[in-house]
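Laboratory data are not the source of any read-out in this text; all were calculated from the coordinates shown. Everything quoted here is computed from the prediction, not taken from an experiment. When we count neighbours, we look across all protein chains shown, and the Cβ atoms used for this are built from the backbone with ideal geometry, even at glycine.
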Amino acid sequence: MNAPPQIRLATGRDALRIAEMSRDFIELGLGWRWNRNRVLRCMHDPTYNVIGAYDGGRLVGFAIMEYRLHEAHIVLLAVETSRRRQGVGAALINWLETSALVAGIGVIYLEARAGNAGARMFYRSHGYLEVRVRPRRYAGREDGIFFGKDLWLTSRVTH
Ligand SMILES: CC(C)(COP(=O)(O)OP(=O)(O)OC[C@H]1O[C@@H](n2cnc3c(N)ncnc32)[C@H](O)[C@@H]1OP(=O)(O)O)[C@@H](O)C(=O)NCCC(=O)NCCS
């Protein structure tokens, strides 16, 4: 069993690997929109966090979240194939949820491809509800499933 990964803000040095993981694990069959430059732009944009999960110094997963005034959106989240089902995705999502709460945000939204059964199970297992179907959202053929979670329902804020 691997040790839990360290979760921290990713740096520019990881931007290409993050973009490649997006291409290979998330955007498969859709074209590569999240290239290195787009990831770098998010790293420099104060309304986004780009975080990595690290084994030692090695990047094994990442997530990108956008913070809006009253809500946050998980834009991308993926884990290297060999490190799946070992809690890496959970560690990433826990970090994002904690940071949203610290920022005073109580709702997180995200969208997954309807055909991505593993991701849908993953988000459901973390308390995300499938709130809406967006027909033919991906490449005009695959539906998108819009998820939401009310963090304030499940978290206790301490002072
Ligand atoms: C979805 C994904 C991020 C999950 O990451 P992970 O590190 O494997 O997730 P965890 O190990 O933290 O899993 C937590 C729980 O989620 C559920 N889960 C995760 N992957 C699942 C799968 N493929 N099928 C069913 N349930 C799954 C399980 O309940 C799991 O707990 P368990 O292993 O004790 O049963 C990973 O499979 C991935 O990178 N997929 C490709 C990219 C992607 O689809 N990203 C999401 C869309 S943006």
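Numbers at a glance
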| read-out | value |
| --- | --- |
| Compactness of segment 6-154 - radius of gyration and Dmax, Cα, Å | 14.5, 41 |
| Euclidean distance between Cα centres, segment 1-22 to segment 93-110, Å | 19 Å |
| For the chain, calculated [θ]222 nm from helices alone, where every DSSP H run of n ≥ 4 adds -39500 (n - 2.57) | -7500 deg cm²/dmol |
| Extension gain, SER125 back to LEU153 (0.36 nm per residue minus Cα-Cα distance, nm) | 8.5 nm |
| Calculated log₁₀ intensity ratio I(q)/I(0) where the Debye formula runs over C-alpha points of segment 1-40, q = 0.21, 0.23, 0.30, 0.33 Å⁻¹ | -0.69, -0.75, -0.95, -1.04 |
| Two-site label geometry, ARG85 and ASP143: point separation in nm, points 7 Å out along Cα→Cβ | 2.7 nm |
